[in-house]
1. Going through region 147-242, which trypsin sites (Lys or Arg not before Pro) have at most 15 other Cβ atoms within 10 Å and a DSSP loop state?
2. May I have the pair-distance distribution P(r) for region 91-226, computed from all Cα-Cα distances with 10 Å bins from 0 and rounded to whole percent?
3. Each label point is 7 Å from the Cα along the Cα-to-Cβ direction; what then is the distance between the points at ARG250 and ILE185, in nm?
4. Have a look at VAL167, VAL29, VAL294 and tell me which one the Gaussian network model of the chain (Cα, springs below 10 Å) gives the largest fluctuation.
5. Treat every Asp and Glu Cβ in the chain as -1 and every Lys and Arg Cβ as +1, leave all other atoms uncharged, and give the resulting dipole magnitude about the Cα centre to the nearest 20 debye.
6. Grab the eigenvalues of the alpha-carbon gyration tensor for the chain, scale each by 5, take roots, and send me the semi-axes largest first in whole angstrom.
7. With N set to the residue count of region 197-353, report its C-alpha Rg divided by 2.2 N^0.38 Å to two decimal places.
8. Need the full-extension length gain, VAL10 to ALA230, defined as separation in residues times 0.36 nm minus the C-alpha distance. One decimal, nm.
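Each value in this text was obtained by applying a stated rule to the coordinates, not by laboratory testing. Everything numeric in this text was worked out from a predicted model, so none of it was measured. Cβ placement follows ideal geometry from the backbone for every residue including glycine, while neighbour counts extend to all protein chains displayed.
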Amino acid sequence: MFIVAGEMDVVCVEGILPDGSGMELCKEVRKHPSGHNIPILLLTGSEDPNLEIDAKEAGITQMFYKTNLGALADYIAEYEKASRTAGSLTGNALLVEDSPMIANFLSEILRNMGLTVTALANAEDAFEIFRNRKFDIVISDVELEGDLTGLGLVRAIRRLDEPFCRVPFLAISGTTSKERQFDVIGYGANDFVVKPVTPKELEVRVHNMVKHKQLFDQVEAQRDHLRRLALTDQLTGLFNRHYMSEVGSRRMTEAMKHGIPVSLLLLDLDHFKKINDTMGHDVGDIVLFETARVIRECCLSGDIASRAGGEEFCVTLINRDRTNAIGFAENLLKKIEASLPEGICVTGSIGLATVAKGMVVISRPCSKPPMKRCTKLNRAGATALNQLW
């Protein structure tokens, strides 16, 4: 047969041929070892609803209608582009194959594409490594020796949390049964390749899967970046008031629900308007930035630091009682004074409220410095605290 004897990249057949059926021709091509992986495109003018099912059973890769030849042209152009750029990949591939000869053959193809390959002979070791490293694709034989098969591996991967559970999985098997292939896809594999694997088919399928995965990762990274921008104060890098209102309030409510003490501090820099008026807003921005840096250094991992607006900062201390919170506030004010941004001695006042066992306790002024300044809570500070609650 000329099609399978030559070096064909893609085959396009018409549904009805002068001497037979395009479907029958496709079946004959698929029977030949070198015709297992050639993409076969069916061009038809029939609108029979059962035609697509018959085409899949015959081994047709994609079906196109004569009324939309543009779609066929687009497919061929994309296929040619993917084939041409199949070697221009970067990323990590996990290969699971218990035949050393086949593993070496597949590894060579993947390395020539630009991928870094980790090849293992059993699924147990592969799963352990997969959970601790970042991979862009998993390529595994379905039938593997050991307690965990290729099917078990894909199921175990899909049960993991993000982002591990969505790494593309390419299954490889010697079976040509469509039912078996559908079962593998149903278990969570993204695609299926029949042995013997041809280099070109492996390149195209791996290229598409890795590119789609990396594109999705880029979109996710951009979404996370936009989310951070929406919830972060651009000058100081602290969370903004929106985050404090939405996320911070939820965390405070959850802590109080479980009887965990929560303290809320509102820091107001003293005479900040004078700094802006006499030394300029650029210097004022440096003061705000350095103040935020000191706040971050004083906070623990569970604390929430945000810029409430202007020269006001809010710090939520989870699992801190009133005594602990006052100590935190005193230490914070000392460090702010010692920071001397642009040589300026910066001071501030802190309003403090504590929730302990469902009761709100607002600290009162103390006669001993620096406690007096630390716990000063004027009417404006109390109003701001109530709004943040």
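1. Here the trypsin sites (Lys or Arg not before Pro) that fit, given the DSSP loop and packing criteria, are ARG159.
2. In order of increasing distance, the bins hold 12, 46, 34, 7, 1 percent.
3. 3.7 nm
4. Of the options given, VAL294 has the highest mean-square fluctuation.
5. Numbers: 45 positive and 52 negative charges, 546 e Å.
Charge dipole of the chain: 2620 debye, to the nearest 20.
6. On the way: eigenvalues 859, 106, 78 Å².
Gyration-tensor ellipsoid for the chain: 66, 23, 20 Å.
7. Working: Rg = 21.7 Å, N = 157, 2.2 N^0.38 = 15.0 Å.
Expressed relative to 2.2 N^0.38 Å, the Cα Rg reads 1.44.
8. On the way: separation 220, 0.36 × 220 = 79.20 nm, distance 4.80 nm.
Contour length minus the Cα-Cα distance gives 74.4 nm.
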